[in-house]
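Student: Quick one: structure below, then a few questions.
The values are calculated or read from the model by the stated rules, or taken from the named source; none is laboratory data. The structure displayed is predicted, hence computed values, not measured ones. Cβ sites come from the backbone with ideal geometry, for glycine too, and all protein chains shown count toward neighbours.
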Amino acid sequence: MTTINPIVVPREAMVTLVMKATTGGQFFTVHFRKKDGTLRKMTCRRGVTSHLKGGKLNWNPANFNMVTVFDTAKGAYRTINANTATYLATDKKTFVVEE
């Protein structure tokens, strides 16, 4: 088994990675701080439409550095705050925020 060395990036770069690098419907893992301060680890995917019920958001998540994803473990849609992301694994690369 090989160990993947994470790429250390500044906070601003992590926000960009979460917002842009997670397109295309591929699975990815992200760790981020929820609003209550707890750490959430999630394997998710963007672009899932099979569970939509016809509703529409009254706000644009991208304006607040938020990303709407489908949480594969819970089988539900979730919103990730890209500003609080600390870890991202996507496309065979792992990124962590520098301390």
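Student: Kindly indicate the residue of segment 59-85 that is touching a Lys or Arg at 6+ places or on another chain (Cβ under 7 Å) and modelled with pLDDT of 90 or more and also farthest from Thr16 (Cα to Cα) among those meeting that condition.
Tutor: Thr72
Student: Could you check segment 4-30 and list, in sequence order, the residues that are at pLDDT below 90, part of a loop (DSSP other than H, G, I, E, B), on the phi < 0 side of the Ramachandran plot and exposed (fewer than 12 other Cβ atoms within 10 Å of the Cβ)?
Tutor: Passing the criteria: Ile4, Asn5, Thr23.
Every residue, every condition in (1) under 16 Å from Thr84 (Cα atoms); (2) modelled with pLDDT of 85 or more; (3) in a strand (DSSP E or B), yes or no:
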| residue | (1), (2), (3) |
| --- | --- |
| Phe32 | yes, yes, yes |
| Gly37 | yes, yes, no |
| Arg40 | yes, yes, yes |
| Val48 | no, no, no |
| Gly54 | no, no, no |
| Leu57 | no, no, no |
